[in-house]
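The values are calculated or read from the model by the stated rules, or taken from the named source; none is laboratory data. Since the model is a prediction, treat every value here as computed from it, not as a measurement. We place every Cβ from the backbone using ideal geometry, glycine too, and count neighbours over all the protein chains shown. Accessible surface is based on the protein model in full, side chains and every heavy atom, while ligands, DNA and RNA are left aside. Shrake-Rupley method; radii C 1.70, N 1.55, O 1.52, S 1.80 Å.
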Amino acid sequence: MGVSSNLCLMKMIETVVEKVIPKSAEGSDFVQIASMFVVSIGAFSTGALFTWLSPAIPHLIRNTSYIGQISIEEASYLSMLPGVSMIVSSFLITSAMKHIGRKPIIWFMALPQALSWILTGEAKSITPIYIARILNGIGEGIMFSTVMAYVGEILTPAVRGKWGNVVTCSMGLGQLSMAALSASVDIVTAAYIHLFAPLLQILLVPFLPESPHYLLKKGERENAKVALMRLRWKTDVDCELSAMSESIERQRSEAGSFKDLFWIPANRRALLLVLGLRTFQQLSGITAFVIYAQYIFELSGARSVSEEVSTIIVFASLFLFSMVCLPIVGKYSRRLMLTASSAGCAISLLINVFHFYILEETEVDVSDTSWTPLLAMVCYIAFYSVGLLFLPTLMTGELFALSIKNHGMLVSNVYLALTTIAVPKILQLLLSNFSMYATFIFFTASCLVSTIFCWFCVPETKGKTLEEIQQLLNKTK
């Protein structure tokens, strides 16, 4: 009853829209763009849920929160649990994508995200918040697998070039929204306010077209044609549908085994490069700094700018720099941009090393320069955005051969989740056992090693076809 009613409502809406914007042979992009914005609601929630920890951790540790005081050790598990559940759920999500499609999973994504906000708001102890973080990880798993797959499958290259950054920018907007709200309301109210996003997603996702790629793989050619006509808003999609069908058949015939990922030298080199890039992307400290941003600014003793305002500035910088840099980073040398990004991050973090060393180990009054950590973090984010933010993901798609791309992406995503678990824990251990300047020395050294790795080990893939990249990997000794 519910499904048939939904189909009838979709047909009615499509009929009304078609009277205003008739389908034509040329087509229109508005359905693709609208679909992008609908799935980006989940990305907004993902960013907000991730960032909730930044204002929450200082309150939880100081015993000024609604559940009482917790230790920094207990707080560290809040950042680890999403990564664990993301890894566990990713295998189930991958299997579900093959059997029930993309659209139902994207709709389901809103449920753990909504429950996460509700549990966070209603918690009387740390346990419900732990459960909320586990549910958050399930949402992240869907975000980085199903949503990204759906976006890649429904968009034309022209639309992808103009609007493909909407999902990433929505995550940044969610982060900024949480940071800004938490400066003016308590962390419980901020959680309830952001509950609107998953509820809106539950209402809107049923009206999305299913991925034509998935429908073709299931042998539902007519349904795939209807979905493609709706997405392209065209009267004739036979040529594109035939090309899509041929591409799917070719991928099936060329599919490699999991063993090929490790056994064939070129595939193994690609995997090592991808894992290396992911390692240095995370060891630059970005995930840890995002989670512990407000806590770090609180420890810095800044007086000229409050820790809440400093956190907002950091997330605003991350959002703005990501929007500015995303369209341009792919236009220049991959190796050069990664090297420059790593070196710039190292220099920015080194400034904080000197600042905190003077603050902690000398009698010099640094109150007049207490804004230095904030300036250094903004510079760090600027340099991070020009290379390490986007290029590891971009090169993951470039380095793996088509025959083993699915296997390579799975290993890469699981490894990324493991590093997002480990790096915040490393930061927590450093903060608990060493001085602040020693903590920044660790991440500065990581960025310096990343600079060497990117310059001497990363091949240049800019302007090369997938076949040329594979030839390059085969020649590498």
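A few notes on this one:
- Those helices (runs of 4 or more DSSP H) of segment 249-364 in which at least 2 residues are in contact (Cβ under 8 Å) with a residue 40 or more places away in the chain and closer than 23 Å to residue 453 by Cβ, considering only elements entirely within it, cover 265-283, 286-291, 307-329, 334-361.
- In a residue-by-residue description of segment 217-224, the property of being outside any loop (DSSP other than H, G, I, E, B) and either polar (S, T, N, Q) or within 30 Å of residue 436 (Cα to Cα) (or both) applies to at least one position.
Yes/no matrix, rows are residues, columns are (1) touching a strand residue (DSSP E or B) at 6+ places or on another chain (Cβ under 7 Å); (2) open to solvent by 40 Å² or more (accessible area, probe 1.4 Å); (3) closer than 30 Å to residue 207 by Cα; (4) of a type in the set (S, T, N, Q):
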position: 55; (1), (2), (3), (4): no, no, no, no
position: 65; (1), (2), (3), (4): no, no, no, yes
position: 72; (1), (2), (3), (4): no, no, no, no
position: 81; (1), (2), (3), (4): no, yes, no, no
position: 84; (1), (2), (3), (4): no, yes, no, no
position: 110; (1), (2), (3), (4): no, no, yes, no
position: 114; (1), (2), (3), (4): no, no, yes, no
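- Restricting segment 311-346 to residues that are of a type in the set (Val, Ile, Thr) and at pLDDT below 85, the residue that is most open to solvent (accessible area, probe 1.4 Å): 328
- Residues of segment 414-434 that turn out to be assigned to a helix (DSSP H, G or I), open to solvent by 50 Å² or more (accessible area, probe 1.4 Å) and not small (Gly, Ala, Ser), as a count: 5
- Residue within segment 42-52 that is open to solvent by 70 Å² or more (accessible area, probe 1.4 Å), at pLDDT 85 or above, under 31 Å from the mean Cα position of the chain (by Cα) and closer than 27 Å to residue 143 by Cα present: no
- Selected residue (only one of 396, 372 is open to solvent by less than 10 Å² (accessible area, probe 1.4 Å), touching a helix residue (DSSP H, G or I) at 6+ places or on another chain (Cβ under 6 Å) and either modelled with pLDDT under 85 or β-branched (Val, Ile, Thr) (or both)): 396
- Taking segment 465-477 as the range and being surrounded by 14 or more Cβ atoms within 10 Å (Cβ to Cβ) and touching a residue at least 24 places away in the same chain (Cβ under 8 Å) as the test, the residues that pass are 466, 469, 470, 473.
- Condition check for residue 405: touching a Lys or Arg at 6+ places or on another chain (Cβ under 9 Å) and basic (Lys, Arg): no
- Enumeration of residues in segment 435-450 that are open to solvent by less than 30 Å² (accessible area, probe 1.4 Å) and within 27 Å of the chain's Cα centre (by Cα): 439, 440, 443, 444, 446, 447, 450
- Check on residue 191, of a type in the set (Gly, Ala, Ser), farther than 27 Å from residue 327 by Cα and touching a Phe, Trp or Tyr at 6+ places or on another chain (Cβ under 8 Å): yes
- Scanning segment 421-477 for residues that are among the hydroxyl-bearing types (Ser, Thr, Tyr) and at pLDDT below 85, we see that the one that is nearest to residue 362 (Cα to Cα) is 476.
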